[in-house]
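Each reported figure results from applying straightforward, stated rules to the coordinates on display, with no laboratory input. Please read these numbers as outputs of a predicted model, since none were measured by experiment. Quick reminder, even Gly has a Cβ in these numbers, built from the backbone with ideal geometry, and neighbours come from all protein chains shown.
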Amino acid sequence: MEFRQVEYFLAVVENDGINGAATALGVAQPTVSQALRTLERELGVHLFHRIGRGMVLTAAGRSLIGPSRQILRDVDAVEELLASADPGEITGSLDLMVFPALATGPIVDLVARFRRAHPKATVRFGDLRTEDNAPAVIRDGHCEFIVSHLPLDDGGRGLEVIVLGEQEYWFVYPPGTDLPPGPIELTALPDIPMVFVPRDGGAMSLEIDNAMRRAGVRPSLAVLSDHREIRLPMVLAGLGGSLVERALAESVQDVAVARPCEPTFTRPYGIAFDATSLSEAGRAFVEMVRSTIR
């Protein structure tokens, strides 16, 4: 297996196919196709299902993503270290995966501060699509850091966590909803169906459900979905209201109706990592984060 094959494999994954990978890499499409087929032949497995002109990762392909990214991080770190004129200069790659609702505010500020301090280092800011078993993405090599709601169940892996803040939850209703200004009390919810996550969808959904029960509130249900990310699109489509992270609610308040909730619901969030396997850039980032939030 050659480094170039790994690079081409990840390019296909990250650019949704051979055409996008070839464009991103600046090479011909047959070059990418041949590299992939050679890699599959050497490994003895299919990495993609070829469906028409599309490509879908196989189980083997998914399992190769994390190790491949670790290989690229290691190679980048070595190349940039050797090329650096200053032996003490931080190079390499800082690799984070962030839950979308938390991809604003403190973590962006911290990444910007890191880049100003270490301009020769690069940052990959990936999408943590689900918080279920989120620590596994570190274990499997997909990234060095995850930014997620807390607490994390790391399965005894000993991940370290730095708390970055608290995320407040707000009500958000479809565009054009007529509501008075100010917070919405649970005991005075508007008569609008809701888009909710099931009670077993996490600590926050259970806390919200219990608070509504104590308040004697039983809003009508429009949609019940395990996929938290679908709440906001469904609200914007007019299906009903929902409780979402404040950052998400504020991001659409020019088109939807967003209001604080009374009582307030908050959940801490933070950055998690395996301190025993951090790159040089990762160690520098942890040091900077700790000094910043003291």
- Message: What number do you get for the chain when its Cα radius of gyration is normalised by 2.2 N^0.38 Å, N = residues?
- Response: 1.17
- Note on the structure: Cβ-Cβ cut-off under 13 Å around Ile192, Lys and Arg +1, Asp and Glu -1: the net charge is -1
- Query: Can you give me the Cα centroid spacing of region 105-135 and region 1-55 in angstrom?
  - Reply: 27
- Item | Within a Gaussian network of the chain (alpha carbon springs, distance under 10 Å), most fluctuating of Gln167, Gln34, Gln253 | Gln34
- Residue order, fewest to most surrounding Cβ atoms within 10 angstrom, among Arg294, Arg267, Arg129, Arg218: Arg294, Arg218, Arg129, Arg267
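Give the residue list of GluC sites (Glu not before Pro) in region 1-67 that are DSSP loop and have at most 15 other beta-carbon atoms within 10 angstrom.
Numbers: sites: Glu2, Glu7, Glu14, Glu40, Glu42; in loops: Glu2.
Those satisfying the criteria are Glu2.
Scaled to the compact-protein estimate 2.2 N^0.38 Å, what is the alpha-carbon radius of gyration of region 176-294, rounded to two decimal places? Mind showing how you got there, number by number?
Numbers: Rg = 18.1 Å, N = 119, 2.2 N^0.38 = 13.5 Å.
Dividing the Cα radius of gyration by 2.2 N^0.38 Å gives 1.34.
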- Summing -39500 (n - 2.57) over every DSSP H run of at least 4 in the chain, dividing by its residue total and rounding to the nearest 500, the 222 nm mean residue ellipticity is -12000 deg cm²/dmol
- trypsin sites (Lys or Arg not before Pro), restricted to region 27-75: which are DSSP loop and have at most 11 other Cβ atoms within 10 Å? Arg53
- Query: Can you sort Val111, Val6 so the residue with the fewest Cβ neighbours within 10 Å comes first?
  - Reply: Val111, Val6
- In whole angstrom, how far apart do the alpha carbon centroids of region 185-244 and region 253-294 sit? 24
- Query: GNM, the chain, Cα, under 10 Å: largest mean-square fluctuation among Ala215, Ala275, Ala112?
  - Reply: Ala215
- Task: Given the options Gly61, Gly44, Gly92, state which has the largest fluctuation in a GNM of the chain using a 10 Å cut-off (strictly under) for Cα springs.
- Result: Gly44
